[in-house]
Amino acid sequence: MTELAFDIPYIFHVRGIPKRGTKERTEFAFETIPAVVRVIPSDDAPLAAVFPPTLGDRTYIGEGGQVALRLHGGRLYAKALTEYYDRSLDVTPDMLSTFLDRGVYAVENSDRLRTVLPDAPGTIHRGLFPETEAGNNPIRPFVEDKWQSWSSKDRVENRANAERLYDNLIVIDGVFWRAVPEPVYVLGHYRDDHLYTHVSTAIAALPEAEKRGKDSIFGLTSWDRLTSEAAERYGITPEDTACATIFIEDAFSYDSTTEIFVEHIAKATDHDGDLLKSFDIESMTRWAAMRDALALARSVELEPVALDALASAAERYATGPKASKWAIDLINKALAVHDRHTVDIRLTPTRRP
């Protein structure tokens with residue numbers, strides 16, 4: 001496997017007293033981080049899906065009106081473009097290498113580096129690639145031994161920001177690709193002068209999408225279910241121009257039924273948790289097992305085996321002597337979503353908390 005290595009500079013403030021001095025001074029300094037990027041053959045990262053780039057915050061940025069996702073090592077990758085200019089590609093490994101070796105003026109379309117490098121390339125250029133004119137004050141490498149005492153308000157943060165820029169990058173066909181979260185559909189329902197629906201693409205479990213209230217979230221492989229709900233709830237069929245073309249279905253695991261399942265059990269857990277003082281020991285133990293299974297499922301990002309364990313714990317609690325009817329109804333709905341069966345519990349007046 002081929003790897004490309006870069007030493008990426010980042011700039012920060014230093015404030016302190018130099019060893020040859022008594023007065024405090026402030027100056028800019030720079031350090032570099034090693035950025036190692038793997039070069040992947042295109043055959044090892046096949047196309048997983050193609051869809052329109054309809055999310056406004058540029059999480060998924062497309063070319064020619066389409067976003068392409070590739071699958072490699074169990075992760076999804078999209079082109080790491082920062083802006084889109086006609087049909088040209090953005091920053092490439094060659095552009096980055098040229099800049100670090102020879103400066104910003106040696107790079108064609110160097111303005112594109114501004115959103116890729118941790119500091120504006122103009123600033124870095126003046127500091128790391130100084131010109132010969134009089135009065136130039138280059139930014140120097142940081143040398144700790146130079147100072148009697150020193151501090152920096154932004155060194156740790158700026159280093160972390162620089163590392164984050166180059167985390168999860170690979171190179172395919174001479175272009176940077178970055179690991180991205182699994183996208184989902186957000187079905188929005190609006191009413192102004194007329195009723196209409198809007199389908200956009202968002203990050204899975206995007207908080208803003210979840211808080212929209214009337215919006216529904218679907219996995220990219222759930223287009224048929226999305227259109228069915230749009231027709232049932234709103235009487236409208238979204239245009240299929242928003243539909244993703246899926247090449248590898250296994251790459252997309254998001255299903256909104258998982259959130260429904262977990263939400264029902266969470267509500268049942270919270271509701272009956274308020275009734276603990278009226279529980280007997282057996283029901284308290286079963287409730288605690290359900291609570292712990294819920295916490296575990298969330299901690300491992302809702303892995304299937306953890307969801308199965310949560311379903312078992314919830315079913316066992318529902319058959320306990322002090323489970324409330326409200327909690328049992330929620331658990332019934334959750335299990336119906338999870339594995340198509342219910343807990344058939346008949347409550348008598350003596351069993352109600």
Tell me, which helices (runs of 4 or more DSSP H) lie completely within region 239-353 with 3 or more residues that are of a type in the set (A, V, I, L, M), open to solvent by 40 Å² or more (accessible area, probe 1.4 Å) and modelled with pLDDT of 90 or more? 281-299
Within region 143-181, which residues are part of a helix (DSSP H, G or I) and surrounded by 12 or more Cβ atoms within 10 Å (Cβ to Cβ)? K146, R155, E157, N158, R159, A160, N161, A162, E163, L165
Return a yes/no flag: does region 199-218 have any residue that is among the charged types (D, E, K, R), in a helix (DSSP H, G or I) and modelled with pLDDT under 85. yes
Do the conditions hold for T221, that is, is it in a loop (DSSP other than H, G, I, E, B) and modelled with pLDDT of 55 or more? yes
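Check whether at least one residue in region 149-157 is among the small types (G, A, S), at pLDDT below 85 and farther than 30 Å from D44 by Cβ, and report yes or no. Let's see the steps before the verdict.
Here is the first cut: in region 149-157, the residues among the small types (G, A, S) are 149, 151-152.
Then drop every residue that is not at pLDDT below 85, which leaves none.
Among the residues of region 149-157, not one is among the small types (G, A, S), at pLDDT below 85 and farther than 30 Å from D44 by Cβ, which makes the answer no.
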Just to be sure I understand the filter: pairs with C-beta atoms under 6 Å, separated by 6 or more residues or on different chains, first member in region 318-329 and farther than 12 Å from M284 by Cα and among the charged types (D, E, K, R), second member open to solvent by 10 Å² or more (accessible area, probe 1.4 Å) and in a loop (DSSP other than H, G, I, E, B). Which pairs pass? K325/L347
Given the options P53, P18, P46, P9, name the one that is at pLDDT 95 or above and not hydrophobic (A, V, I, L, M, F, W, C). P46
Among the residues that make up region 287-307, is at least one of them closer than 23 Å to L335 by Cα and β-branched (V, I, T)? yes
Within region 114-128, does at least one residue satisfy the condition of being open to solvent by 30 Å² or more (accessible area, probe 1.4 Å), farther than 30 Å from E24 by Cβ and in contact (Cβ under 8 Å) with a residue 12 or more places away in the chain? yes
Restricting attention to region 28-54, report how many residues are touching a residue at least 60 places away in the same chain (Cβ under 8 Å) and outside any loop (DSSP other than H, G, I, E, B). 15
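The values are calculated or read from the model by the stated rules, or taken from the named source; none is laboratory data. Please read all numbers here as calculations on a predicted model, not as lab measurements. Note that we place each Cβ from the backbone using ideal geometry, even for glycine, and neighbour counts take in every protein chain shown. The protein model used for the area step is the full one, side chains on, heavy atoms only, and it has no ligands, DNA or RNA in it. Shrake-Rupley method; radii C 1.70, N 1.55, O 1.52, S 1.80 Å.
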